[in-house]
Amino acid sequence: MVSPDFEYRLLGGVDELFQPPDDLRRAYRREGVQAASARMIVQLVERLITTASKGGPATLGLANTLAAGFAGRVYHLLLDESYAAPAVRCDNCGYVGVEDASVCPLCEADLRVLPDAADSLVRWAMTQDLEVTFLHDDALRETGHIGAFLRY
Ligand SMILES: [Zn+2]
């Protein structure tokens, strides 16, 4: 998904190419684009929270999102732009979690600390060609800063 900011700049650029300079109309159109993008984000987050709270194919919070990623179920990752949090990873079996432990609960190998698990998730999602949306949204912030839509 194109970020609102980028979309805004993109459309501003198109305007300047194809429209005569008309400050008022241009300003109105740009505001319209921003409002549409903001509404889209609100709807996306609402759908995520509703789906997750009904036990549907969505997760909220770092622990659940990491678990879904470990299971290969994530197809669209959504997170707060400024979110960062640590997690642990097992290099032996690939397990990831948020618990404060030094030994893997699955295979008992040593766990490694990921200083910024959100960043690790984003990098991982990009290598898997998954959709990633960065956003600012109060509802998402209140429900754990990060979530994902799942394949099943
Ligand atoms: Zn392990």
Counting just the residues of the stretch 95-110 that are in a loop (DSSP other than H, G, I, E, B), more than 21 Å from Gly147 (Cβ to Cβ) and of a type outside the set (S, T, N, Q), which one comes out modelled with the lowest pLDDT? Asp100
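Can you tell me which residue in the stretch 79-94 is farthest from the ligand (Cβ to nearest atom), limited to those that are among the hydrophobic types (A, V, I, L, M, F, W, C), within 27 Å of Ile49 (Cβ to Cβ) and in a loop (DSSP other than H, G, I, E, B)? Lay out the reasoning, then the answer.
Initially, the stretch 79-94 is screened for residues among the hydrophobic types (A, V, I, L, M, F, W, C), giving 79, 84-85, 87-88, 90, 93.
From the residues that got through so far, the ones that are within 27 Å of Ile49 (Cβ to Cβ) too are 79, 84-85, 87-88.
Still in the list and also in a loop (DSSP other than H, G, I, E, B): 84-85.
On the way: Ala84: 24, Ala85: 20 Å.
By that ranking, first place goes to Ala84.
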Exactly one of these conditions fails for Ala63: (1) hydrophobic (A, V, I, L, M, F, W, C); (2) over 18 Å from Leu44 (Cα atoms); (3) surrounded by 19 or more Cβ atoms within 10 Å (Cβ to Cβ). Give me its number. (3)
In the stretch 111-135, residues that are part of a strand (DSSP E or B) and either surrounded by 12 or more Cβ atoms within 10 Å (Cβ to Cβ) or at pLDDT below 90 (or both) total 8
Hits in the stretch 99-122 - residues which are in contact (Cβ under 8 Å) with a residue 40 or more places away in the chain and farther than 10 Å from Val88 by Cβ: Ala118, Leu121, Val122
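Being within 13 Å of the ligand (Cβ to nearest atom), under 21 Å from Val132 (Cα atoms) and not β-branched (Val, Ile, Thr): is that true of Gly97 here?
Judged against the criteria, Gly97 is a match.
The values are calculated or read from the model by the stated rules, or taken from the named source; none is laboratory data. The model shown is predicted, which means the values in this text are computed figures rather than measured ones. A quick note on method: Cβ atoms are made from the backbone with ideal geometry, for glycine too, and the neighbour counts reach across all protein chains shown.
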